[in-house]
Structures are given as structure tokens and as C-alpha cells.
1. From the C-alpha coordinates alone, can you work out the Kirkwood hydrodynamic radius of region 111-153, in Å?
2. For region 50-105, what is the convex hull volume of the alpha-carbon atoms per residue, in Å³?
3. Report Rg(Cα)/(2.2 N^0.38 Å) for region 14-109, keeping two decimals.
4. Mind listing the long-range amide H neighbours of Ile76? Cut-off is under 5 Å, sequence gap 5 or more, other chains count too, H placed in the peptide plane at 1.01 Å from N.
5. Take the Cα radius of gyration of the chain and divide it by 2.2 N^0.38 Å, with N its residue count; two decimals is plenty.
6. Considering only protein heavy atoms and a 1.4 Å probe, what is the carbon-and-sulfur percentage of the accessible area of the chain?
7. Strictly over 23 Å apart at the Cα level, which of Lys81/Lys133; Lys228/Lys251; Lys133/Lys218; Lys90/Lys228 would you flag in this model?
8. Report, by chain and number, residues whose modeled amide H sits under 5 Å from the one on Thr59, excluding near sequence neighbours (fewer than 5 apart, same chain).
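The values are calculated or read from the model by the stated rules, or taken from the named source; none is laboratory data. None of these values were measured; they are calculated from a predicted model. For neighbour counting, all protein chains shown are included, and Cβ atoms are generated from backbone atoms with ideal geometry for every residue, glycine included. Surface accessibility is based on the protein's heavy atoms, side chains included, excluding ligands, DNA and RNA. Shrake-Rupley method; radii C 1.70, N 1.55, O 1.52, S 1.80 Å.
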Amino acid sequence: MTLYSLFGNPVSHSLSPRMHNLAFTRLGIDGAYIRTPLEDGAHLREVFLNQKLDGANVTVPHKEAAFRACDTVLGIATSIKAINTLIYTKGAITGYNTDAPGFLRAIASFGIVRTALILGAGGTAKALAFALKSTGIAPVILNRSAPKLDAFIAEGFTCFTHENFSPASFDLIVNTTSAGLSDEAFPTPEALLKTLFNKATYAFEVIYKPTPFLALAKAHGLTCKDGKEMLLWQGVLAFNLFHHNTLAEEKIADAMREALRLSS
Ligand code: NDP
């Protein structure tokens with residue numbers, strides 16, 4: 001039997017074990033996916049190796065620590081410098097980022113996007129910024145405060161805080177802030193968001209549930225999506241990487257949709 005785990009702090013709320021374990025069952029694979037709560041990311045490599053895992057996923061706040069724990073990093077993760085998927089082969093750990101391509105799969109049903117504004121400047125914003133850049137879009141980053149923007153400026157992204165931003169027109173507005181997760185807050189002042197939505201076509205929210213950001217976007221007639229499909233596709237792509245990309249993506253997706261109770 002192969003063994004996989006989710007590293008993070010906390011991990012008890014995560015839907016990933018349910019998604020991966022149902023995929024094992026539906027695809028007839030002898031594998032198990034557990035949770036590993038971890039306080040100190042510096043111990044990630046040691047714990048991963050001690051547990052004799054075949055692979056793992058990594059969530060908040062250890063994605064940057066996971067990058068440092070790898071022997072090799074492949075794909076877009078080399079730019080993002082944050083890892084959510086680890087694979088153990090022949091004594092070495094290889095790291096990938098499936099949040100970025102997972103996001104691109106989630107917005108694939110939107111029409112043509114030429115311009116995008118990302119709200120927030122945390123780890124998820126970094127993954128999504130590089131994802132959009134990989135498709136030829138130069139996203140603009142808007143954050144409530146300046147410090148986290150430095151890492152984006154160093155990578156050549158155009159960045160603003162709420163204070164120095166003059167709203168332009170963007171096809172897509174993406175909320176990667178945690179505003180709306182446990183409160184009823186907007187990620188920017190409401191008037192600014194209304195101005196942006198008046199000129200936009202699509203809104204994407206990384207949080208998995210309805211938020212004030214999405215409600216306002218819908219009220220402005222935008223085509224909207226929450227983070228469930230991104231969660232689905234980052235999981236599908238990770239599961240296929242665990243199996244050396246030998247499986248049919250749609251079969252994994254069907255099992256994971258069932259775990260998330262999503263319609264196809
Ligand atoms: P970080 O802590 O790295 O960054 C959070 C960002 O949100 C910062 O830019 C912060 O601004 C901003 N922020 C926080 N609260 C507010 C607020 N009340 N108003 C305005 N801005 C705010 O978080 P992550 O990037 O790791 O995660 C962000 C979200 O993405 C989480 O809710 C997480 O659940 C979700 N997520 C979803 C995934 C999916 O598959 N759908 C995958 C991964 C994450 P400042 O710099 O000023 O503090």
C-alpha cells in the first residue's frame with residue numbers, strides 16, 4: 001500500500017484526505033491519505049522521511065518550508081518558491097506546485113481574459129500571479145499594506161496598496177485575501193470594489209464558500225466562481241503526479257467531485 005499525507009497547521013478541517021481517499025477507492029488503487037499536523041515547518045523533511053511517505057500535500061503555513069525541504073523542485077514552483085505537492089522517489093524528494101495550474105483549470109470556463117487584478121499579496125496570490133503570467137497575462141497586485149508587495153515587485157509585477165491605487169479596467173478580479181473567510185469583510189473598501197466590478201467581466205474567489213466579495217460581484221452581473229474548483233484541480237493534478245501522470249484526469253476528477261459534492 002502507498003501512503004500519502006497532508007502537512008499543515010491546522011489540517012483537521014481539510015477536505016484533501018476525503019478527496020484523495022475516495023479517488024483511491026474509485027480508481028481501485030491500494031493507497032491511503034492521512035493528516036500530519038505540524039507546528040514547525042523546519043521539521044517537515046524529517047517527519048516526511050520518518051513516516052515513510054510516498055508523497056504529500058502541504059498547506060498553510062508550510063508551503064515555503066516545503067520548498068526548502070525538497071531535493072529537486074520542478075515546473076512553475078521554481079518561480080513561486082512554494083510547494084504544495086511532494087513526491088518521494090529513489091531516496092529524494094521532488095516538489096511541485098499544483099495550486100497554480102489548478103487555478104488555471106478553474107478559470108478555463110471563463111471567456112477570454114486579457115487583464116487581471118489580484119487582491120492580496122500572500123502565498124496564494126504569488127501562485128496565481130505566476131499562473132496568469134505563464135499564460136501571457138501581466139496581473140496587477142493590490143494589497144491593503146506594503147510589506148508583502150516587496151516580493152512581487154522583486155519579480156517585476158506591478159503593485160499597489162489601497163492608498164496609491166487608481167482603479168483601471170480589468171477583465172478579471174481575483175480575491176486571494178482571507179477577508180470574508182471568518183468575517184463579513186470586503187478585501188478592499190466597498191466603493192473601490194464597486195468601481196472595479198463596474199468595469200470587469202469575471203470574479204474569482206479562492207475561498208470555498210460564498211463571501212461578501214462574490215455577493216457584490218454577482219450583484220454587478222459578473223460571471224463568478226469560488227475556490228472549490230481550484231481545490232478540486234490542485235487535488236486532481238497532485239493525485240496524478242503521485243502516480244507519475246499515468247491516470248486519466250477525468251476519472252480522478254469524478255471521484256474528487258463526488259468527495260466535494262460538486263456537480264461536473
Ligand atoms: P496569506 O496569509 O499568505 O496572505 C493573506 C493576504 O490577505 C495578505 O495579502 C493580507 O494582507 C490579506 N488580508 C488578510 N485579511 C485581510 C482583510 N481583512 N482585508 C484585506 N486584506 C486582507 O494567505 P494565503 O495566501 O496563504 O491564503 C489566502 C486564502 O487562500 C486563504 O483563505 C486560503 O484558505 C485560500 N486558499 C485557497 C486554495 C484553493 O484551492 N481554493 C488554495 C490555497 C489557499 P496583509 O499583507 O496586509 O496582511
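1. On the way: mean 1/r = 0.0941 Å⁻¹.
Evaluated over region 111-153, this radius sits at 10.6 Å.
2. Values: hull volume 4.7 nm³, N = 56.
Cα-based convex hull of region 50-105, divided per residue, equals 85 Å³.
3. Details: Rg = 13.7 Å, N = 96, 2.2 N^0.38 = 12.5 Å.
That ratio works out to 1.10.
4. Asn97
5. Values: Rg = 18.4 Å, N = 264, 2.2 N^0.38 = 18.3 Å.
Output field value: 1.00.
6. Working: 6270 of 11960 Å².
Summing carbon and sulfur atoms, their accessible area is 52 percent of the total for the chain.
7. Details: Lys81/Lys133 15 Å; Lys228/Lys251 18 Å; Lys133/Lys218 26 Å; Lys90/Lys228 34 Å.
Checking Cα-Cα distances, Lys133/Lys218; Lys90/Lys228 exceed 23 Å.
8. So Thr59 has HN proximity to Phe7, Gly8.
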